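One structure is given below, encoded as structure tokens.
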Amino acid sequence: MKHLPKHLQPRWRYLAVSLETRPGAAIDRRAFQRECWYAAQNLLGDPGSARADMTVVRFAFDDGSGDAIVRVRRGETDPARAALACIDEIDGDAVGLRVRGISGTIRAADEKFVRN
């Protein structure tokens, strides 16, 4: 199967997200991805969540706090931020999310917003 031409390939934006919860809570990437999908589907509906196409690209969580990078389609960053704001618990543990910034590449999101 052939690849799409470059002008037809989807363009992405990367949201750097910080997570905070009580010490001792264990949150994994799969649970966070599931909550992102549920929040997008509940807030945006099926067409909106498909348009946003939220995917967790990187996830690191240790002792009550962590960082993640979530990939969304260009032009859908505001609905994705709203969906992330709806997440208040993951696997029964209360969690606070904050979008630290938006970038055009994973590397820039990691350098600007995650590693400081």
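The values are calculated or read from the model by the stated rules, or taken from the named source; none is laboratory data. Since this is a predicted model, take the numbers as computed values, not measurements. With ideal geometry, Cβ positions are generated from the backbone for all residues, glycine too; neighbour counts draw on all protein chains shown.
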Report summary line: In the range 32-55, anything without any contact (Cβ under 8 Å) to a residue 24 or more places away in the chain and either surrounded by fewer than 12 Cβ atoms within 10 Å (Cβ to Cβ) or over 27 Å from Gly92 (Cα atoms) (or both) is listed as Gly45, Asp46, Pro47
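In the range 13-31, what count of residues is obtained for those that are under 22 Å from Lys112 (Cα atoms) and buried (at least 17 other Cβ atoms within 10 Å of the Cβ)?
Number of matching residues: 6.
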Report summary line: In the range 61-88, anything in contact (Cβ under 8 Å) with a residue 40 or more places away in the chain and within 13 Å of Ile27 (Cβ to Cβ) is listed as Phe61, Asp63, Gly64, Ser65, Gly66, Asp67, Ala68, Ile87
Query raised in the report: Does Asp67 qualify as being acidic (Asp, Glu) and either in contact with a strand residue (DSSP E or B) (Cβ under 6 Å, 6 or more places away or on another chain) or surrounded by 15 or more Cβ atoms within 10 Å (Cβ to Cβ) (or both)?
Result: yes
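Would you call Ser103 at pLDDT below 95 and not hydrophobic (A, V, I, L, M, F, W, C)?
Values: at pLDDT below 95: no; not hydrophobic (A, V, I, L, M, F, W, C): yes.
Taking the combined requirement at face value, the residue does not satisfy it.
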Report task. Identify all residues within the range 90-105 that are under 18 Å from Ala31 (Cα atoms), in contact (Cβ under 8 Å) with a residue 12 or more places away in the chain and not β-branched (Val, Ile, Thr); write none if there are none. Result -> Asp91, Asp93, Ala94, Gly96, Leu97, Arg98
